[in-house]
Structure formats: C-alpha cells, structure tokens
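Visitor: Sharing a structure, written as structure tokens. Questions coming.
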Amino acid sequence: MKSNYGKSMILVLLLAVSASLHAQTATNMSDSTMRLRSIFLESGCASNGLGLNYEQRLKRDPRWGWRAGVAWGFGMESASMLYSTSSRIYTGSLGMNYLIGKKRSKLELGAGVSAGLYNSHFELKFVDKEKSNSFGWYAYGNIGYRYQGKKGFQFRAGWSPLTGFGTKHGLNSYADIFYLSFGWAF
C-alpha cells in the first residue's frame, strides 16, 4: 500500500507543476532583482541528513532552477544491550524546481534524484562485527515555502516524499521527510 501511496504523491506533484505552468505568466517573476544563484545548508529532502547545495535559476525563465549538492547522514539503533547497528550515508543529488508567486515569498515545487554510498555496521556485543558498503538511490519531490530576502538571505521549509520504486539499488519503501534550509543568494 505504501508504494501506491508514493506513486500517488508523485502524480499529485507532477499535476501541481503542470497546472502551475498553465496558470503562471512571465510577469509573476517581476522581481527583477531576484538573485539567480544560491548556496544553502539543508537538512532533510535530497540531503537525507545534512547537505551543502548550489542552486542556479535559469536566465531565460527564472521561475525554473536546478540544484546540485553533497550530503552526509548518520543513523544508529541499539535494540538491546546485545547488539547495535549504525549507518553512514554519503550522497550527491541533482534536481529541478519551479517557483510560484510574487515578491520574496514563493511556493517551491521540485523533483530530483539522490544517489550515494551506504556504509552499514552491525555489532553483536562480545562476538562479532560486520561492515558492508552498498550503492543506493532514491527519487524525491519537494513542496515547500521559500523566502529570499533583499540582501540575499534564503530560507526554505517543506515536505519531501522519497521513493526508490523498489528497484535493486533503490529505496525499498516510501518515506515522508520534512526539510529545512538556510542559505545565501547572490
């Protein structure tokens, strides 16, 4: 059921982007002082942990933009005093986004892919330790709020569905992640 839910959410995201394209006019980006590049720190979304990203708006239509980033994540679980597991995740991501709105506050819709190395550790106390490395990827969408101040401050927050569509190296399930980012536009 979760995979159907994930596919439904991606379909909703694609429909929202399509509807917004038809409803928008070029005058919505009347903010001629909009900065076309930014660097931001992000937690969640494509970063899956903590990431550093670069984004650039397209000159021809600055409502559209692309982003690229690198990220690091860490997770740990101790189910009992007998064993523990931990994971380190090193990823890179690429994505596109579209901005809807006037002035400094905008709705951001986006999609992309994140891929990387997953380093897992399993320790059975006093007996055995195992380590494994694997490649993994997931597709993500994002729907959120974006604020860009006059002097360059940038704030983003929203919701991001993730899925690997159950493929061999993809995320095996659907996940909802909220994201938060702070950055500088120039």
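The values are calculated or read from the model by the stated rules, or taken from the named source; none is laboratory data. Keep in mind the model is a prediction, meaning the values are calculated, not measured. We place every Cβ from the backbone using ideal geometry, glycine too, and count neighbours over all the protein chains shown. Each accessible area value is taken on the protein alone, full model and side chains, heavy atoms only, with ligands, DNA and RNA left out. Shrake-Rupley method; radii C 1.70, N 1.55, O 1.52, S 1.80 Å.
Visitor: Given G75, G101, which one is open to solvent by less than 60 Å² (accessible area, probe 1.4 Å), at pLDDT 75 or above, at positive phi and more than 14 Å from the chain's Cα centre (by Cα)?
Guide: G101
Visitor: Further, regarding this structure: Of the residues R88, R35, R60, R67, only one is modelled with pLDDT of 95 or more and of a type in the set (D, E, K, R); which?
Guide: R67
Visitor: Oh, and also: Take region 79-129 and flag every residue that is in contact with an Asp or Glu (Cβ under 6 Å, 6 or more places away or on another chain) and free of Cβ contacts under 8 Å to residues at least 24 places away in the same chain.
Guide: K129, the sole residue that qualifies.
Visitor: With L124, L180, L162 as the choices, which residue is modelled with pLDDT under 95 and closer than 22 Å to Y98 by Cα?
Guide: Values: L124 fails: closer than 22 Å to Y98 by Cα; L180 fails: modelled with pLDDT under 95.
That would be L162, the only listed residue that is modelled with pLDDT under 95 and closer than 22 Å to Y98 by Cα.
Visitor: A follow-up question, please. Looking at region 47-66, which of the residues that are open to solvent by less than 10 Å² (accessible area, probe 1.4 Å) and in a strand (DSSP E or B) is farthest from L36 (Cα to Cα)?
Guide: Of everything passing the filter in region 47-66, G51 is farthest from L36 (Cα to Cα).
Visitor: Next question. Residue by residue through region 120-153, note down the ones that are over 20 Å from the mean Cα position of the chain (by Cα), part of a strand (DSSP E or B) and not acidic (D, E).
Guide: S120, H121, F122, L124, K129, K131, S132, N133, S134
Visitor: Which one is nearest to the chain's Cα centre (by Cα) among residues in region 78-98 that are of a type outside the set (A, V, I, L, M, F, W, C) and part of a loop (DSSP other than H, G, I, E, B)?
Guide: Restricting to residues being of a type outside the set (A, V, I, L, M, F, W, C) and part of a loop (DSSP other than H, G, I, E, B), the top hit is S78.
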